[in-house]
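Below is one structure, written out as structure tokens; the observations come after it.
The values are calculated or read from the model by the stated rules, or taken from the named source; none is laboratory data. All figures in this text were calculated on a predicted structure; none of them were measured in a lab. Neighbour counts run over all protein chains shown; Cβ positions are idealised from the backbone, glycine included. SASA here: full protein model, heavy atoms, side chains in, ligands and nucleic acids out. Shrake-Rupley method; radii C 1.70, N 1.55, O 1.52, S 1.80 Å.
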Amino acid sequence: MSQELTTGIKGRIDITVDDSVSAMKAASGEMDVFGTPYVIALMEQTADKSVRPYLEEGCATVGTLVNIRHIAATPMGMAAYAESELTEVDGRRLVFHVAVYDAVGLVAEGTHERFIIFKEKFMKKTNNRGKE
């Protein structure tokens, strides 16, 4: 998939927590805090973007596993950021350590797995799902 894809690649994305990423918006809870589905999405986005420059033309990554602990609530208006580090490359399988922090400290952390796919082949298979 790529000649330069090695462990140690890092990523970071900064956000400000607002209504668009709240638990209420995600329908994952009743509180006006950074929602777990959006915490996970930020972790996935950070990992994906960190390796994009290393992928061959026509390739992308897709998430296949998330194992995190969401340990602190982040209020609306607070700055937060996600960090990722590629810790394992096993063929097309990529494993990342992911974490989210806010202005106070650690919010969530864990591991995230992605697979390198060929976009055209992936979409053809997906669009034919159930038609065989």
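Annotations for the structure displayed:
- All positions within region 1-51 that are assigned to a helix (DSSP H, G or I), free of Cβ contacts under 8 Å to residues at least 24 places away in the same chain and of a type in the set (S, T, N, Q): Ser20
- Looking only at region 18-32, and only at residues there that are aliphatic (A, V, I, L, M) and out of contact with any Phe, Trp or Tyr (no Cβ under 7 Å at 6 or more places or on another chain), the one that is surrounded by the fewest Cβ atoms within 10 Å (Cβ to Cβ): Ala27
- Sole exception among (1) touching a residue at least 60 places away in the same chain (Cβ under 8 Å); (2) open to solvent by 60 Å² or more (accessible area, probe 1.4 Å) for Ala108, by number: (2)
- Any hit, region 33-55, residues being surrounded by fewer than 14 Cβ atoms within 10 Å (Cβ to Cβ), of a type outside the set (Asp, Glu) and over 17 Å from the mean Cα position of the chain (by Cα): no
- Selection status of Glu120, in a strand (DSSP E or B), open to solvent by 30 Å² or more (accessible area, probe 1.4 Å) and closer than 30 Å to Glu57 by Cβ: no
- Positions within region 85-132 being more than 11 Å from the chain's Cα centre (by Cα), closer than 30 Å to Gly35 by Cα and polar (S, T, N, Q), in sequence order: Thr87, Thr126
- Residue count for region 64-84, restricted to those that are assigned to a strand (DSSP E or B) and either without any contact (Cβ under 8 Å) to a residue 24 or more places away in the chain or not hydrophobic (A, V, I, L, M, F, W, C) (or both): 8
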